[in-house]
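Undergrad: Please read through the structure below; I'll follow up with questions.
Values in this text are rule-based calculations from the coordinates and carry no lab data. Predicted model only: the values in this text are computed from it and were never measured. Ideal geometry is used to build each Cβ from the backbone, glycine not excepted, and the neighbour counts take in all protein chains shown.
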Amino acid sequence: DMNGNDVRADLTTDKDGKISVSDLRPGDYQFIETKAPTGYDLNAKPIPFTITKGQSQVTSVTALNSLTTGSIELTKVDMDHNGTLEGAIFNILDQDGKVVREGLKTDGHGKLIINDLKPGNYQLVETKAPEGYQLDASPISFTIEKAQAAPLQITVSNKKIESSSGGDNESITPPNKEEKPGKETSEELEKGNPETQINKQQDDRNTGKELPNTGHKKDSTQTVGILLLLAGLLSILATKRKKYY
């Protein structure tokens, strides 16, 4: 009653959620919930009602209970080394795709704890990856069960972004500057490379340049000299033969 005395105890709702109490004397009373239905939070707030003299109608009151909320604990890790990652940001969507939580960020230990989620189906969606890691926007589905006692454990990984090396590591050597045919480099001259000498001679033969005719002139002069010498010898021999006869 209103003085805090128990006039009825251990009243339990039936399958329809109802309690019927009869034979109450006129006066002021209140219902006090001592145990909530499974999966619901206890509502310990008193629910007052009054029984009047000569009352013919049944007094009706309604008590409300809220579903017990659940929680999740997310851990963000490196895909390859399993180290925890700080700075990943997530949104939570309900089964209708509506955002119910947003901007949730993993802490220095890679942890993210979300409380007060009503039983139902949800999705975690990563909106920002940790620095240096690839974003994985694939939805992560999970369910909060009724009367869930412990936080739901979820582990999510990210792949590290490979550092760019600017292309292949092989160095590209620029083509050698084309040398003029038959011309040796100073280095080859100093080494006296026989192969270079041979190549030089081949280059001289293969070049399309017209060489000076100085050699031809020298050959003509030598030929004329030889002919004159032969003519002189023949003249001397002819003279001797005349003297002999």
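Undergrad: So how do LEU233, LEU67, LEU124 line up by other beta-carbon neighbours within 10 Å, fewest first? List each step's numbers first, then the result.
TA: Numbers: LEU233 10, LEU67 15, LEU124 21.
Fewest-to-most Cβ neighbours within 10 Å comes out as LEU233, LEU67, LEU124.
Undergrad: Whole-Hz ³J(HN,Hα) for each residue in region 94-103, computed from phi via Karplus 6.51 cos²θ - 1.76 cosθ + 1.60 with θ = phi - 60°, x for glycine and proline: what do you get?
TA: Those phi angles translate into 7, 5, 9, x, 7, 6, 9, 9, 8, x Hz.
Undergrad: State, to one decimal in nm, how far the label point of GLU145 lies from the label point of ALA44, with both points 7 Å from Cα in the Cβ direction.
TA: It is 2.7 nm.
Undergrad: Moving on. Roughly speaking, what is the stretch gain from HIS81 to SER20, that is 0.36 nm per residue apart minus the C-alpha to C-alpha distance, in nm to one decimal? Show your work: numbers first, answer last.
TA: Values: separation 61, 0.36 × 61 = 21.96 nm, distance 6.23 nm.
So the chain would gain 15.7 nm between HIS81 and SER20.
Undergrad: Give me the number: length gained by fully extending GLU131 to LYS159, i.e. 0.36 nm times residue separation minus the C-alpha to C-alpha distance, one decimal in nm.
TA: On the way: separation 28, 0.36 × 28 = 10.08 nm, distance 1.10 nm.
In short, 9.0 nm is gained.
Undergrad: Mind listing the long-range amide H neighbours of SER157? Cut-off is under 5 Å, sequence gap 5 or more, other chains count too, H placed in the peptide plane at 1.01 Å from N.
TA: Correct list: VAL77.
Undergrad: Right, next: Which residues does the label zone of LEU64 cover in region 92-135, counting backbone N under 19 Å from a point 7 Å along Cα→Cβ?
TA: 116-119
Undergrad: Of the cross-linked pairs LYS35/LYS98; LYS111/LYS159; LYS15/LYS98; LYS45/LYS118, which ones have a Cα-Cα span greater than 29 Å in the structure shown?
TA: Working: LYS35/LYS98 33 Å; LYS111/LYS159 17 Å; LYS15/LYS98 33 Å; LYS45/LYS118 21 Å.
Correct reply: LYS35/LYS98; LYS15/LYS98.
Undergrad: Which residue, chosen from ASN82, LEU124, THR38, occupies the Cα position most advanced towards the positive end of the dipole of region 1-127, where the dipole is computed from +1 (Lys, Arg) and -1 (Asp, Glu) charges on Cβ about the Cα centre?
TA: Ranked along the dipole, the leading option is THR38.
Undergrad: Something else about it: In region 41-150, if the dipole is taken from +1 on Lys/Arg beta carbons and -1 on Asp/Glu beta carbons about the Cα centre, which of SER56, PHE142, THR106 is farthest to the positive end?
TA: About the Cα centre, the residue reaching furthest to the positive side is SER56.
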